[in-house]
Amino acid sequence: MNKMAQLESVEQAFMQFVEDFVDKNGRFKYDQQISEMAVKGDKSFVIDFIDLYGFDIELAQMILDDPESNTPIFTTVVRSKLRTRDPIYAESLKRINIRYRNLPADTPLRKIGSDHIGRLVMMHGIIVRASSITPLVIRATFRCPVCGELNHIEQSGQTLQKPQKCLACDNRKNFELVPRESVFIDHQLVTIQERPEDLPPGQLPRSITVELKDDIVDVARPGDRITMTGSIKLLPKYGRGGELRTYDIQIDASFCEVSGRDQELLELTPEDEEEILEIARDPFVHQKLLNSIAPSIYGNEYIKESVLYLLLGGVEKELEDVRIRGDINVLLVGDPGTAKSQMLNFSAKVAPRGLMTTGRGSTAAGLTAAVVKEGGTGNFVLEAGALVLADKGICCIDEIDKMRDEDRGAIHPAMEQQIVPIAKGGIVATLNARCSILAAANPTLGRYNP
């Protein structure tokens, strides 16, 4: 009885939040969001945690401690509200997802441990690998081979659960899955790694596997910096004697958004547009842009000008028969100690999508794409290299003269045609590498000989 009363109080608290929360513009934010779900075709109801924390701190704390048992209650509330606004759309939705974003504090990736099991956490990282999208069954329908009766089983966990016995005739074996009657959602696994700026001195970056489901699959691609909210769950490990005492940690993602600089540049406000037009009217705009390229490096105007043109890029032309690239590639050659590497570091930081690598530590596969064996299945999968990850951005290669000749030859088609053709391990594919390459090298014999 006490548990029922608690469930009802949680439901009432959430309903009050949805109905009564008013944002700073004076509009009922979440009530309006439910009304817009049918118009936009959304499957998810996104809750900004800072709003919830300011409105009802106890409810927010309950969600942080146990998101799994509270989320179904919220789904019921949202579905009942949606049913009053648009009953046809509410019935057509097989599943409504409750997603949480903007938690009060983020958890560093290397601090995630046994204390966080079952709790809601937020973290920042870089996606290093993404699997293909596969269908995941959440409600399986089985046909009995004896009487033809359909048995519905809700699915959870790692393995497919079959009926213990038929509801109509007590048959216990040879059940057949009926895909048309079952409910499937999209499913994808990604690996997130710590950001370089978050690493303690002398430590290797840690990574963790994240499970994306339904409408947040393929939100981000390898190389993107993301902010992820999700709950921590355990995956059992098996040895020769059965299940082991140690477990693998996996994150069941609730919300995922790209937090890189390229995302910030996509949304221009009217004030931004006005400022851009004002800068464009300035007769000395070229000199101002030039002065803003690595301002702490003195002189080197010609080099800064070439880097400026590379960052802005040319005009791409799509003709009927051929495509002419608009990206500019630049090679800086100079003595040691003439700020070449600093110029490369600046370009990689300031570009919306920039990567920095060195010639000595790069191979052809690391720069273009590698074919690796996937753990678990043993299938061969493609892993993107630096040029593919820097697609629509800039790839900076330092000490390109120290690179082996055969490795340097592998990036030539990527520089000219801006594609990376792959034919290895039974995989034939063409990947896009529409990036500008800024490379730095020392002269022959190490320094300039007049």
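Every read-out reported here was derived from the displayed coordinates using simple, explicitly stated rules and does not represent laboratory data. Because the structure is predicted, anything quoted here is derived from the model rather than measured. No Cβ is skipped: glycine too gets one built from the backbone with ideal geometry, and neighbour counts run over all protein chains shown.
Observations
- Ala105-Ile324 FRET efficiency (beta carbon distance; Förster radius 56 Å; 0.05 resolution): 0.70
- Spin-label pair Leu160/Glu305, simplified geometry with 7 Å Cα→Cβ offset, distance in nm: 6.7 nm
- Here r is the Cβ-Cβ distance between Asp115 and Gln16 and R0 is 41 Å; the resulting FRET efficiency, rounded to 0.05, is 0.85.
- Paramagnetic reach from Glu316 (point 7 Å along Cα→Cβ, amide N under 19 Å) across the range 420-450: 420-422, 430-438
- Surface/4 of the Cα convex hull for the range 2-101, nm²: 6.5 nm²
- Only Cα sites of the chain enter the Debye sum here, all with the same form factor; the resulting log10 I(q)/I(0) across q = 0.06, 0.12, 0.14 1/Å is -0.38, -1.23, -1.43, listed in q order.
- Paramagnetic label reach from Lys233 (point 7 Å along Cα→Cβ; backbone nitrogen cut-off under 15 Å): within the range 137-152, residues 137-140.
- As a rough footprinting exposure proxy, the listed residues Tyr100, Tyr302 were ranked by other beta carbons within 10 Å of their own, and the order from fewest upward is Tyr302, Tyr100.
- Angle in degrees between helix 340-350 and the longest Cα principal axis of the chain, rounded to the nearest 10: 30 degrees
- Rounded to the nearest 20 debye, the dipole magnitude of the range 2-123 is 500 debye, with +1 charges on Lys and Arg beta carbons, -1 on Asp and Glu beta carbons, and the Cα centre as origin.
- Placed amide H near Glu149: partners under 5 Å, 5+ positions off or other chain: Cys144
- The order of the peptides 344-357, 164-177 by mean Cβ neighbours within 10 Å, most packed first, is 344-357, 164-177.
- Helix 67-85 vs. the chain, principal-axis angle (Cα, 0 to 90°, nearest 10): 80 degrees
- Put a dot 7 Å past the Cα of Thr363, heading toward its Cβ, do the same for Gln417, and the two dots end up 2.3 nm apart.
- Fraction of beta bridges assigned by DSSP in the range 263-421 that are antiparallel (%, nearest 5): 60 percent
- Structure note, pairs Lys24/Lys288; Lys288/Lys317; Lys81/Lys392; Lys111/Lys373; Lys43/Lys317; Lys94/Lys162: Cα-Cα distances above 31 angstrom occur for Lys24/Lys288; Lys81/Lys392; Lys43/Lys317.
- Share, in percent, of DSSP beta bridges within the chain that are antiparallel, nearest 5: 70 percent
- Mean Cβ neighbour count within 10 Å, used as a protection proxy, ranking 240-249, 332-341 highest first: 332-341, 240-249
- The ratio of the alpha-carbon radius of gyration of the range 266-441 to the globular-protein estimate 2.2 N^0.38 Å is 1.18.
- When each of the peptides 410-419, 79-88 is scored by how many other beta carbons lie within 10 Å of its residues on average, the order from highest to lowest is 410-419, 79-88.
- Helix axis angle, 29-40 relative to the chain longest principal axis, alpha carbon, degrees: 80 degrees
- Once the Cβ-Cβ distance of Glu197 and Arg79 is raised to the sixth power relative to R0 = 51 Å, the FRET efficiency obtained is 0.75.
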